[in-house]
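The values are calculated or read from the model by the stated rules, or taken from the named source; none is laboratory data. The structure presented is a predicted model; accordingly, all values stated were derived computationally and were not measured. Because the Cβ atoms are built from the backbone with ideal geometry, glycine has one as well, and the counts that use them run over all protein chains shown.
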Amino acid sequence: HRLLLEELPDAQVLVVSNREPYIHNRSAGEITLQIPASGLVAALEPVMRACGGTWIAHGSGSADRDTVDAADRLRVPPGEPTYLLRRVWLSEKEQSGYYYGLANEGLWPLCHIAFVRPTFREEDWVQYRKVNEQFADVIVEEATCDDPIVLVQDYHFALLPRMIRDRLPKATVIAFWHIPWPNAETFGICPWRREIIDGLLGSTILGFHTQFHCNNFLEAADRFMESRIDREHASVTFRGQETLIRPYPISIEWPPAALVDQAPVRECRDAVRRRFSLPADARIAVGIERFDYTKGILDRIRAIDDLLRCHPEWIGRLVFIQAAAPTRSKLATYSSLQGEAERLVADVNARHGKGDFQPIRLVVRHHEPDEVLELFRASDMCIVSSLHDGMNLVAKEFVAARDDEHGVLILSSFAGASRELSEALIVNPYDTHGMAEAFVRALQMPPAEQRDRMRLMRDLVRERNVYRWAAQMLLDAARLRRRQRIVWSN
Ligand code: G6P
């Protein structure tokens, strides 16, 4: 936190993302507040709380319009405001083409190796460009100087950095791509590969979670653009402007704000046991995320099935709670995943259920941060079995939640987080039996080993927290900004 404030250059900070940090909904005549399930929001919200500024995002809640002022702004966080949220409204047509279509049926499957075919439609591309333009205009409206620092977030806004550069040439634009960047051959199937790279190269700095994804981007820029690539300094020069391509592994707030109000671990366990009517000696495994096909939810259920088949002594003594937040449900890939998961769970429960005891509990609804923390604290192990993931902050949140230094993290080797959290039990989600054996190892792990592993992971997340993530980007940006000022003054 202090580090972030020290590095913060003396300039206005604007954040742009599709997802907003606070959603207001209307249900039964009342306005309720929801914090969305999004790694991006989990990471950036504490940063904005600390440094202030304006966050520009799509207003998606049914009561969002009722809570803003005439300029579509409101001060947040509710109750103790420190920054501004500027909501941008999209028509159904825009939302369908830009968000569901291009972003989530095109770029999302293109960038994640989950073997879902990307769909590219010309009409979606038209809407995507239009919405990026709309956000660029809002940035100009919100800018109070000609050289703000603009943090552009994620694959919804690939064209925005260039559009900002055209409108505010002196701005420092930091674009961060929260998902993987594929190899050049894969990226090359996108019909608008050149436009997307051109858009991103409008930024001063382009960040990814890992060096591997930076290298993939450099390779794509080299292959598809007439640009100069400097591999030693990891930069691309295009249209006379240099963009640094840097890895900044994202993280979480430390300590997590919601942890302050949490009950001791023992009470969390009792509460969860009561809620799910579990026997006092049942061991608890949890999985918590959006219901997304990249998360490997079916794969972990199959591994639980395998475990109970090969080690029937765990039947009746192990429960796996999967909390899954509905997401992008208008898309067939997402709605059919939910149906498939429900069938698989019913199947496994029928096979291994004992009396009233069902080994798998699938809870499909949104969970607020305090409920998520309670589940983390109640569990013996947390399963993060992503088929592919930029970073995965659930893994880091689990570690942060365990101030008792117990609990085992099972982590996919295909999540960026596995590069940092090497004391987790690292698994290949495609290897069902291997994953089941890792679960058994976790269930049998002595408390001293759990503590040693958890301590190392907690030290790492404490030190490499999200304030450091933001501070490092801002420090690099501040350096470039100073250099740029010299150029302008001459
Ligand atoms: C990923 C993306 C974020 C997004 C989040 C939730 O983490 O990188 O940009 O906010 O998923 O998805 P949603 O479509 O609900 O915003």
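General observations
- Any hit, the stretch 356-379, residues being among the hydrophobic types (A, V, I, L, M, F, W, C) and under 30 Å from Pro182 (Cα atoms): no
- Restricting attention to the stretch 142-154 and to residues that are in contact (Cβ under 8 Å) with a residue 40 or more places away in the chain and acidic (Asp, Glu), the residue that is nearest to the ligand (Cβ to nearest atom) turns out to be Asp154.
- Of the residues making up the stretch 229-244, none is out of contact with any strand residue (DSSP E or B) (no Cβ under 8 Å at 6 or more places or on another chain) and either buried (at least 17 other Cβ atoms within 10 Å of the Cβ) or hydrophobic (A, V, I, L, M, F, W, C) (or both).
- Unmet requirement for Gln34, which otherwise passes all of (1) more than 15 Å from the ligand (Cβ to nearest atom); (2) more than 26 Å from Ala175 (Cβ to Cβ): (1)
- The stretch 332-347, subset under 24 Å from Glu368 (Cα atoms) and among the aliphatic types (A, V, I, L, M), residue farthest from the ligand (Cβ to nearest atom): Val345
- Of the strands (runs of 3 or more DSSP E) lying entirely inside the stretch 202-244, those carrying at least 2 residues that are free of Cβ contacts under 8 Å to residues at least 24 places away in the same chain and polar (S, T, N, Q) are 235-238.
- Subset of the stretch 155-176 [more than 13 Å from the ligand (Cβ to nearest atom) and among the hydroxyl-bearing types (Ser, Thr, Tyr)]: Thr172
- Which listed residue, of Ile229, Ile284, Ile288, is among the β-branched types (Val, Ile, Thr), at pLDDT 95 or above and within 16 Å of the ligand (Cβ to nearest atom): Ile288
- Matching residues in the stretch 119-134 - criterion: being in contact (Cβ under 8 Å) with a residue 40 or more places away in the chain and within 16 Å of the ligand (Cβ to nearest atom): Val131, Asn132
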